[in-house]
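The values are calculated or read from the model by the stated rules, or taken from the named source; none is laboratory data. Predicted model, so just to flag it, every value in this text is computed and none were measured. A quick note on method: Cβ atoms are made from the backbone with ideal geometry, for glycine too, and the neighbour counts reach across all protein chains shown.
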């Protein structure tokens, strides 16, 4: 069963897809957040035979909603209405910071690697879900 992880952003949407056994998350190229974004994601779901979609919802550190939370939730609702698979929300607090730290650990300036950062954030969302489903 393949799973799609999504890191919603105002400009870019990070994408990650699991392997067939849903054990490992792999980054994919980001999607521009524009009017075609939902359709592009629906196409990915179909082409990749995705069975579950996780949309990262950016809550504030204290767990409360922000304007970004509300926009990401609207995006989640659009995907949920169009997709013919299970679509769930996933708390994505700290994923951006973790992605920035990953880039910096490889000597990359995250400010210059924003596109990569978005896909790494999607991998963190997806791998976090996978690891939570398969505790050791």
_Flag for residue 46 being under 16 Å from residue 133 (Cα atoms), over 16 Å from the mean Cα position of the chain (by Cα) and without any contact (Cβ under 8 Å) to a residue 24 or more places away in the chain_ = no
_Number of positions in segment 73-101 that are modelled with pLDDT under 95, under 15 Å from residue 5 (Cβ atoms) and in a helix (DSSP H, G or I)_ = 4
*Which one of these is closer than 19 Å to residue 80 by Cβ and surrounded by 19 or more Cβ atoms within 10 Å (Cβ to Cβ): 15, 42?*
15
_Scope segment 50-72; condition modelled with pLDDT of 90 or more and either under 24 Å from residue 3 (Cβ atoms) or buried (at least 17 other Cβ atoms within 10 Å of the Cβ) (or both); matching residues_ = 50, 51, 52, 53, 54, 55, 56, 57, 71, 72
_For segment 1-20, give me each residue that is modelled with pLDDT under 95 and either over 24 Å from residue 74 (Cα atoms) or in a loop (DSSP other than H, G, I, E, B) (or both)._
1, 8, 9, 10, 11
